[in-house]
Amino acid sequence: MSVIVVLIGFSILVAVGFLIAFLWAVRSGQYDDDVSPSVRILFDNDEEENADKSVQNQPKV
Amino acid sequence: MTECIHCGLDCGKNPVMFDDKPFCCEGCSMVYQILHEKKMNRYYTMMPTPGIRLDQDNTAGTRYAFLDQTEVRSQLLEFSDGGISRVNLFIPGIHCSSCIWLLENLNTLHTGVIHSHVNFVRKEVTITFRDSEISLRQLVELLHTIHYIPELSHSTKKKDEHQHTNRKMLMKIGIAGFAFGNIMLLSFPDYLPGGEHVDQLMAGTFGIVSFILALPVVTYCSSDFFLSAYKSLRKKIINIDLPISLGILALFLESSWEIFNGYGPGYMDSLAGLLFFMLIGRWYQGKTYESLSFDRDYRSYFPIAVTRIKEGIEDFVQLKDIEKGDVILVRNGELIPSDAILLEGEGSIDYSFVTGESFPVSKKTGDFVFAGGRQTGAALLLKVEKAVEQSYLTRLWNEEKVGESEKAGMQSVVNKVSHYFTIIILTLATGALIYWSFFDFGKAVYVFASILIVACPCALALTIPFTFGNVMRVFGRNGFYIRNTEVIEALTHTDTVVFDKTGTITHARSMNISWEGNPLSETEKQWTRSLARNSTHPLSVMIGEWLPESKVIIADDFREIAGLGITGVVDGNTIMIGSRRFITGNDEEVASSLSTVYLSINHTIKGFFTLENRYREGLTEVVKGFEHYNIHLISGDNDAERSNLRDIIGSDESLHFNQGPADKLSYIRNLKSQGKRVIMIGDGLNDAGALLSADVGITIADDVYHFSPACDAILQSSQFGRLHEFIKFSRSAMKIVYSGYTISFLYNIVGLTFAVQGLLSPVVAAIIMPLSSITIVSFSTFSVRILAGLKKLRA
């Protein structure tokens, strides 16, 4: 039964990983604007002059 | 009706055509041409008619020349290094997905732009660009040419702060949610029958892990509650955060004691759950309109720099560096930054944003000019009489600072309730402690803690955020934007309403026009209209719009005489439009509620146009809707409209005319000293003092993102007729809050019956506490929505 203790340790470790990912996302500003990303994803990138844009599309904060 | 491809407005009978597409004006067609050239037509296919129309003279000219100044540049730029700069601009015009697309593809319009990123919620665009290819000024001018005009002002710092607190809040919610979920899993055995038979080692481990998980919740996530409780205690007020803090502490200490003494798992799951729900409530309540600004001070209206002429050389100086005696140049459309004397040029100064009065005031050489007006017409040379800080307008504002403190100190319902609540709970807990200590001291302490735990007024604390948060959203969807949720409660306590006249109950830019005199023939109308179209004076514009649509004939020898009228030759006929004095030579003042504009053709007086203030649609309904209120009206105008207004408002004593800004302020203060709770409804800066000192100050605005004095709420002018409905809705919302309180008290009574008997177990706590929170959240949310549906507000 005591194996459960070890398993719980691991599961919490995994959960902490996700928590850290969330905190990172908040800190890097991904939750500042909840409208434009939903619109932006619908923009086509087929035009050639826009091809290099996709690389730079990440916000720099 | 033909719709303009760019902005969607009516093009009239003679649209501007380009590429076989109709446009309402040259400006719109210009933007289309620019985008068409760069193959950016997708702007128009993504959303129909996404463009912005510019009404005034819209050439950038030298308007942005000050951006070339190093000092101004460094103030605006976020970052500049190695030839690459980044700037963050507030563009109120951003409104749809096409806007986002266009602004994020600025690099197609100009190769100097490296990258641009829109924050839609805050209506901001962050642009990174190469200094060698495009300067900040050129960049702003580029935005101007496509009609996305950035608002350049001094106060951009405050927004960052808001963003920071929002992020912090989200992090706290994340941590609390994480702890809540995991502790609940660890507590699961206790929820099931036979949970007490769990292996000792495991129960101990689970307890310790729960304790570790709960630590950040108590220390980090609840810090705001402790801080607020402490602050209010120092002011000798009991607010809702005090019983919450007591509950949190009791929960944590009791649970830790149980865990470390091996008595059981404690209530860590309830603790984390409560914090999680309460933080969500706070976050929801705090999500206000980030792109609207409710606390503008005069500086946000003023330009960053002005043109100064020193020894014949023009240069730009920052506003704060202007001194008495400086000679400054103010161009068409620019704001006069300080009180000054007119040296050269014909002033036609639009004080609409100071006084709400829509007609420009004419000024001659040697006249004294107050700050805050906007010059319409040719450039002016002014000699500064007072530094910006000492100008009339600025001082007006500083006086209003006093007003701010007047608003504080209003006891909110939740504070009153929590005051009694805390006292009752503490008495009950102490009573139980004394009672039980006769039998079993250990149990007595346990009961004491249990009572504090169960009584934690979380459901109580959630009622207001969710009810008012939802009300705020309903209001926002209907064009009524409030500063924060406290305004709703303040609205329900009001009993007096004070209206400003010009621009508030009357339309700012449109009037009822009629013609008196010899009937005009069609050609005469065409001539008059052709001449009137040459001037940007509001009266000319309105007459031009009122006359029937016809082909515009180019006027020769057009002259505009400031303060008098316009003259020109159309088809060989001399047309003069202007004041009575200008046309008839008669200088007598006629006291009348109407503005009159005389017309003469070939030196024969044809008659005059009368222009009458148009009251906003729904004014009578609004006045009727305020039936239980004392209604007052204070206007800066003369009392020419007294009889009209008496019919609408009903009483003569409450009409006040010729009131300056300071009079308005003291009028409101006087009402308040009589114990009245006052709503002030105004629009211009002359109402600013009154708006601030009233219990609720509401600004009426045609465009909510532009020019509104500091206030508690902004009402879109098209929604004016529903004002009373909003206030009624607030009252109903207050009833929802009281019902929510009743529900949470019922839960508390159930919980307390367990607690006083010493029967509170983690299972009971785990059921009652989250359940009550969830009940309250859903009750508040749904009842507001249903109510909005009943009142026919868009939910």
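Every number in this text was worked out from the coordinates using simple rules, so none of it is lab data. As the structure is a prediction and not an experimental result, all values here were calculated from the model. FYI the Cβ positions are ideal-geometry reconstructions off the backbone, even for glycines, and counts take in every protein chain you see.
Summary table
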| item | result |
| --- | --- |
| Relative contact order of chain B, pairs being alpha-carbon contacts under 8 Å that are 6 or more residues apart, as % | 11 percent |
| Normalised convex hull volume, chain B, alpha-carbon set, Å³ per residue | 202 Å³ |
| Region B:547-676 - convex hull of the alpha-carbon atoms, volume per residue in Å³ | 156 Å³ |
| Sequence-distant residues sharing a close amide H with B:Leu9 (under 5 Å, placed H) | B:Cys4 |
| Calculated [θ] (222 nm, deg cm²/dmol) that DSSP helices of n ≥ 4 give over chain B, each run adding -39,500 (n - 2.57) | -14500 deg cm²/dmol |
| Region B:508-615: radius of gyration over Cα atoms, expressed as a fraction of 2.2 N^0.38 Å | 0.99 |
| Label point distance in nm, B:Glu612-B:Lys624, each placed 7 Å from Cα along Cα→Cβ | 2.1 nm |
| Sorted peptide list for B:511-521, B:220-230, criterion being average Cβ within 10 angstrom, highest first | B:220-230, B:511-521 |
| Euclidean distance of C-alpha centroids, region B:106-147 and region B:195-227, integer Å | 51 Å |
| Pairs beyond 19 Å (Cα-Cα), from B:Lys364/B:Lys501; B:Lys168/B:Lys236; B:Lys363/B:Lys383 | B:Lys364/B:Lys501; B:Lys168/B:Lys236 |
| Projected label distance in nm at B:Asn586 and B:Leu564, using a 7 Å step from Cα toward the beta-carbon | 1.9 nm |
| R0 of 30 Å, Cβ-Cβ distance B:Arg473-B:Asp495: FRET efficiency to nearest 0.05 | 0.65 |
| Distance in nm between pseudo-label sites at B:His656 and A:Ser28 (7 Å out along the Cβ direction from Cα) | 5.8 nm |
| Calculated FRET efficiency for the pair B:Val445/B:Ile424, C-beta based, R₀ 25 Å, to 0.05 | 0.80 |
| Helix axis angle, B:223-234 relative to chain B longest principal axis, alpha carbon, degrees | 90 degrees |
| R0 of 41 Å, Cβ-Cβ distance B:Arg42-B:Gln318: FRET efficiency to nearest 0.05 | 0.50 |
| Per-selection metrics, the protein assembly as shown (Cα): Rg and Dmax in Å | 32.5, 112 |
